[in-house]
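Novice: Would you mind keeping the following structure in view while I ask a few things?
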Amino acid sequence: MSPLPAGSTIGILGGGQLGRMLASAAAQLGFDVNIFCPGDSPPAARVAAGHWDADYDDHTALEDFAANCDVITYEFENIPVASVAHLVSCSATVRPGAKSLEVSQDRLAEKQFLNAIGIETGRFEPVESVGQLETALQALGGEGLLKTRRDGYDGKGQVRVRSGDDLDAAYKEIGGVPAILEALVPFEREISVVIARGADGETTAFDPSHNEHENGILKRSTAPCGLSQDVIARARRLAETLAHETGHVGVLALELFVLKDGTLRANEMAPRVHNSGHWTPEACATGQFEQHIRAVAGWPLGPVTRHFDAEMENLLGEEALAPPTAYPEGTVLTLYGKRDAKPGRKMGHTVRRTGAA
Ligand code: AMP
């Protein structure tokens, strides 16, 4: 596909805050955006030219969507792979492709893929029954995190288990679905690399951020991440390998645990713009949303030089209801336009520039 001229239409599968921020970046570059997302008036649809309110496996609606978009991307990883395959079979260009989606939808497939391409993870065992959970627990030294293979996010669908616990209850708690047991990684720090790969295979990686979680939900991302140039270079190389091996076109994020001795272990990947990259528009020459739009439109990637040190903080639930005047000068506020401030729900974020880089 040759580079899309401004004025073309980009379709986004998914209608949450990531789609909304992608749509704003696309608008700035002169594109129109259509959103495909089930539900009445999702956040992204309210800043887009068109909204297809249909289920992700509604092939007729997908065909109509494809007929009205010049390229299609996605903003969350739980789009059925068959739907992307269907779009491709209707001659739609979908970037990133099905491979990145397939790998990131299933924690077992993801870890096996990462290991196969030389990216180490913590130890893990597949679990499909209480008996297997018991064996897995023994194999991993009597303690671990039981996680559903699919559909988990923000710490949901996971429970910590130890030998001697009621394993029946633990497996029921995650719904009794196919799962994995992960060994607890004794990390000193969590970081992520947000990287873009263009249609021509060129990559640009943002500086990794240091990520802090509360109750399994990302609370704060800070750049620079405070680690040595050696660790940073290794982290970037892992993200580059992942982007190339998936043939990814667009932005992806690789979350990494950093051990005391600087060893890196991958936690998971996201085949999309990422919460831990929300500081980039305010701190870098090109932000992650613009970079993703550039990549899927077949444009050259922008420079990712970081001009500021920055701290991004998520606003969860009612935190987003504080009046904007409560933020110190120099803080950039982004609200996602969600109508219901449920506890723990990501409602917005702030980016504070903490100094010149
Ligand atoms: P996840 O949804 O799998 O990314 O997990 C959310 C957070 O839980 C991670 O960012 C870590 O802080 C923590 N966590 C997840 N898996 C592990 C693990 N295997 N060992 C230690 N901490 C973990």
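Novice: I'd like the residue in the stretch 154-188 that is of a type in the set (Lys, Arg) and within 12 Å of the ligand (Cβ to nearest atom) and, out of all such residues, is surrounded by the most Cβ atoms within 10 Å (Cβ to Cβ).
Specialist: Step one: filter the stretch 154-188 for residues of a type in the set (Lys, Arg), giving 156, 160, 162, 172.
Okay, now just the ones that are also within 12 Å of the ligand (Cβ to nearest atom), so 156, 160.
Values: Lys156: 13, Arg160: 11.
Per the stated criteria, the residue is Lys156.
Novice: A follow-up question, please. Quick one: which strands (runs of 3 or more DSSP E) sit completely within the stretch 1-72 and have at least 1 residues that are β-branched (Val, Ile, Thr)?
Specialist: Details: elements: 9-13, 32-36, 50-52.
The strands (runs of 3 or more DSSP E) meeting that bar are 9-13, 32-36.
Novice: Return the total of residues in the stretch 27-42 being in contact (Cβ under 8 Å) with a residue 40 or more places away in the chain and open to solvent by 20 Å² or more (accessible area, probe 1.4 Å).
Specialist: First, the residues of the stretch 27-42 that are in contact (Cβ under 8 Å) with a residue 40 or more places away in the chain: 28-29, 31.
Remaining after also requiring open to solvent by 20 Å² or more (accessible area, probe 1.4 Å): 28-29.
The qualifying residues number 2.
Novice: If only one of Ser91, Ser100, Ser104, Ser83 is closer than 27 Å to Ala243 by Cβ and touching a His at 6+ places or on another chain (Cβ under 6 Å), which one is it? Show your work before the answer.
Specialist: Working: Ser91 fails: touching a His at 6+ places or on another chain (Cβ under 6 Å); Ser104 fails: touching a His at 6+ places or on another chain (Cβ under 6 Å); Ser83 fails: touching a His at 6+ places or on another chain (Cβ under 6 Å).
Every option except Ser100 fails the conditions.
Novice: Out of (1) in a loop (DSSP other than H, G, I, E, B); (2) in the same structural domain as Val273 (by TED's automatic domain parsing); (3) within 12 Å of the ligand (Cβ to nearest atom), the odd one out for Asp151 is which?
Specialist: Unmet condition: (2).
Novice: Same structure again: Of the residues that make up the stretch 311-320, is at least one farther than 19 Å from Ala223 by Cα and either in contact with a helix residue (DSSP H, G or I) (Cβ under 8 Å, 6 or more places away or on another chain) or open to solvent by 50 Å² or more (accessible area, probe 1.4 Å) (or both)? It would help to see each step written out before you state the result.
Specialist: Step one: list which residues in the stretch 311-320 are farther than 19 Å from Ala223 by Cα, which gives 316-320.
Then drop every residue that is not either in contact with a helix residue (DSSP H, G or I) (Cβ under 8 Å, 6 or more places away or on another chain) or open to solvent by 50 Å² or more (accessible area, probe 1.4 Å) (or both), which leaves 318-319.
Yes, because at least one residue in the stretch 311-320 is farther than 19 Å from Ala223 by Cα and either in contact with a helix residue (DSSP H, G or I) (Cβ under 8 Å, 6 or more places away or on another chain) or open to solvent by 50 Å² or more (accessible area, probe 1.4 Å) (or both).
Novice: Go over the candidates Gln112, Gln132 one by one and state the one that is without any contact (Cβ under 8 Å) to a residue 24 or more places away in the chain, within 22 Å of the chain's Cα centre (by Cα) and away from the ligand (no atom under 13 Å from the Cβ). Before you say what the answer is, go through the steps one by one.
Specialist: On the way: Gln132 fails: within 22 Å of the chain's Cα centre (by Cα).
That would be Gln112, the only listed residue that is without any contact (Cβ under 8 Å) to a residue 24 or more places away in the chain, within 22 Å of the chain's Cα centre (by Cα) and away from the ligand (no atom under 13 Å from the Cβ).
Novice: Taking the condition of being surrounded by 15 or more Cβ atoms within 10 Å (Cβ to Cβ), part of a helix (DSSP H, G or I) and of a type in the set (A, V, I, L, M), how many residues in the stretch 112-124 meet it?
Specialist: So the answer is 1.
Novice: Out of Asp64, Asp70, Asp57, report the one residue that is in contact with a Phe, Trp or Tyr (Cβ under 9 Å, 6 or more places away or on another chain) and either within 16 Å of the ligand (Cβ to nearest atom) or free of Cβ contacts under 8 Å to residues at least 40 places away in the same chain (or both). Please lay out each step first, then the result.
Specialist: On the way: Asp70 fails: either within 16 Å of the ligand (Cβ to nearest atom) or free of Cβ contacts under 8 Å to residues at least 40 places away in the same chain (or both); Asp57 fails: in contact with a Phe, Trp or Tyr (Cβ under 9 Å, 6 or more places away or on another chain).
Matching residue, one of Asp64, Asp70, Asp57: Asp64.
Novice: Would you check if Arg20 is within 16 Å of the ligand (Cβ to nearest atom), closer than 29 Å to Leu315 by Cα, of a type outside the set (Phe, Trp, Tyr) and crowded, with 19+ Cβ neighbours inside 10 Å? Lay out the reasoning, then the answer.
Specialist: Details: within 16 Å of the ligand (Cβ to nearest atom): no; closer than 29 Å to Leu315 by Cα: yes; of a type outside the set (Phe, Trp, Tyr): yes; crowded, with 19+ Cβ neighbours inside 10 Å: yes.
Spelling it out, it is not the case that Arg20 is within 16 Å of the ligand (Cβ to nearest atom), closer than 29 Å to Leu315 by Cα, of a type outside the set (Phe, Trp, Tyr) and crowded, with 19+ Cβ neighbours inside 10 Å.
Novice: Only one of Ser2, Ser89 is more than 30 Å from Leu146 (Cβ to Cβ) and free of Cβ contacts under 8 Å to residues at least 24 places away in the same chain; which? Lay out the reasoning, then the answer.
Specialist: Details: Ser2 fails: free of Cβ contacts under 8 Å to residues at least 24 places away in the same chain.
Step by step, each of Ser2, Ser89 is checked, and only Ser89 is more than 30 Å from Leu146 (Cβ to Cβ) and free of Cβ contacts under 8 Å to residues at least 24 places away in the same chain.
Novice: So which of Asp55, Asp70 is exposed (fewer than 15 other Cβ atoms within 10 Å of the Cβ), over 30 Å from Ile117 (Cα atoms) and at pLDDT 95 or above?
Specialist: Values: Asp70 fails: exposed (fewer than 15 other Cβ atoms within 10 Å of the Cβ).
None of the others qualify; the one that does is Asp55.
Novice: Related question: Anything in the stretch 125-157 that is closer than 19 Å to Gly216 by Cα and touching a strand residue (DSSP E or B) at 6+ places or on another chain (Cβ under 7 Å)? List them, or say none.
Specialist: Of the residues in the stretch 125-157, the ones closer than 19 Å to Gly216 by Cα are 143-157.
Passing the criteria: Glu143, Gly144, Leu145, Leu146, Lys147, Thr148, Arg149, Gly152, Asp154, Gly155, Gly157.
Per-residue answers, yes or no, for (1) within 19 Å of Met21 (Cβ to Cβ); (2) under 18 Å from the mean Cα position of the chain (by Cα):
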| position | (1), (2) |
| --- | --- |
| Gln291 | yes, yes |
| Gly298 | no, no |
| Gly302 | yes, no |
| Leu316 | yes, yes |
| Pro343 | no, no |
| Met347 | yes, yes |
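Novice: If you don't mind, another one. Limited to the stretch 135-149, what total is found for residues that are open to solvent by 20 Å² or more (accessible area, probe 1.4 Å) and without any contact (Cβ under 8 Å) to a residue 40 or more places away in the chain?
Specialist: Residues in the stretch 135-149 being open to solvent by 20 Å² or more (accessible area, probe 1.4 Å) and without any contact (Cβ under 8 Å) to a residue 40 or more places away in the chain: 4 in total.
Novice: Additional query: Taking into account only those residues within the stretch 211-224 that are touching an Asp or Glu at 6+ places or on another chain (Cβ under 7 Å) and under 22 Å from Ala356 (Cα atoms), which is nearest to the ligand (Cβ to nearest atom)?
Specialist: Looking at the filtered set, the residue picked out is Asn211.
Novice: Now a separate question. Looking at Val84, Val103, Val127, which one is within 16 Å of the ligand (Cβ to nearest atom), open to solvent by less than 50 Å² (accessible area, probe 1.4 Å), touching a helix residue (DSSP H, G or I) at 6+ places or on another chain (Cβ under 7 Å) and closer than 26 Å to Ala295 by Cβ? Before you say what the answer is, go through the steps one by one.
Specialist: Details: Val84 fails: within 16 Å of the ligand (Cβ to nearest atom); Val127 fails: closer than 26 Å to Ala295 by Cβ.
The unique qualifying residue is Val103.
Novice: Touching a His at 6+ places or on another chain (Cβ under 6 Å), modelled with pLDDT of 95 or more and crowded, with 22+ Cβ neighbours inside 10 Å, is that true of Ala239?
Specialist: It is false that Ala239 is touching a His at 6+ places or on another chain (Cβ under 6 Å), modelled with pLDDT of 95 or more and crowded, with 22+ Cβ neighbours inside 10 Å.
Novice: In the stretch 198-210, what count of residues is obtained for those that are open to solvent by less than 60 Å² (accessible area, probe 1.4 Å) and either in contact (Cβ under 8 Å) with a residue 60 or more places away in the chain or away from the ligand (no atom under 16 Å from the Cβ) (or both)?
Specialist: Taking the stretch 198-210 and keeping what is open to solvent by less than 60 Å² (accessible area, probe 1.4 Å), we get 198-199, 201, 203-210.
When the remaining residues are screened for being either in contact (Cβ under 8 Å) with a residue 60 or more places away in the chain or away from the ligand (no atom under 16 Å from the Cβ) (or both), the result is 198-199, 201, 203-207, 209.
Number of matching residues: 9.
The values are calculated or read from the model by the stated rules, or taken from the named source; none is laboratory data. Every value quoted in this text rests on a predicted model; they were computed, and no experiment measured them. With ideal geometry, Cβ positions are generated from the backbone for all residues, glycine too; neighbour counts draw on all protein chains shown. The protein model used for the area step is the full one, side chains on, heavy atoms only, and it has no ligands, DNA or RNA in it. Shrake-Rupley method; radii C 1.70, N 1.55, O 1.52, S 1.80 Å.
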